[in-house]
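To keep things clear, I will list the structure first and then write my remarks on it.
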Amino acid sequence: MKIICGRLTASLLTCAALAVVVPSGAQAAGAASELTLKRTVGGVSRSASLSCDPAGGTHRRAQEACALLASVNGNFKALTPSADAVCPPAGEPVRVSVSGQWRGKRVFQEETFANDCEVLRRTGSLFAF
């Protein structure tokens, strides 16, 4: 909270208190969001760079990917799975990871999914590069 006082008027000091509200997850607004996203299927890896605020990098759907990450403060494991997709239980496992800086905070997360369908169902366009 910041207190701002005006000048003395007729022996009365006028002050106003201003509170700055910072939304959850925006603790470092303007701080760097530079990430490397990686997906590995059958021993073959692909990766993309992702910058947010503003969205950019080599990720072909950077704007969507940044919006998804912003909705969960950079924690892709907290994304809500799509209720519309029904995936087969089998397939080739897919390992995904996110590493780098999210709004100034160092991050590294990885997870293995049963198949590509599960990756899409659980992470949306985040790993669609």
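The values are calculated or read from the model by the stated rules, or taken from the named source; none is laboratory data. Because the structure is a prediction, the values reported are computed rather than measured. Heads up, the Cβs are rebuilt from the backbone with ideal geometry, glycines too, and the neighbour counts pull from every protein chain shown. The accessibility values were calculated without ligands, DNA or RNA, using every heavy atom of the protein model including side chains. Shrake-Rupley method; radii C 1.70, N 1.55, O 1.52, S 1.80 Å.
Structural remarks
- Number of positions in the stretch 52-110 that are among the β-branched types (V, I, T) and either part of a strand (DSSP E or B) or touching a His at 6+ places or on another chain (Cβ under 7 Å) (or both): 4
- For the stretch 60-94, a tally of residues being among the β-branched types (V, I, T) and in contact with a helix residue (DSSP H, G or I) (Cβ under 8 Å, 6 or more places away or on another chain) returns 2.
- If you go through the stretch 31-61 and keep only what is over 15 Å from A128 (Cβ atoms) and open to solvent by 80 Å² or more (accessible area, probe 1.4 Å), you end up with E34, V44, D53, P54.
- Extreme residue, farthest from V119 (Cα to Cα), among residues of the stretch 62-100 that are open to solvent by less than 40 Å² (accessible area, probe 1.4 Å) and in contact (Cβ under 8 Å) with a residue 60 or more places away in the chain: G100
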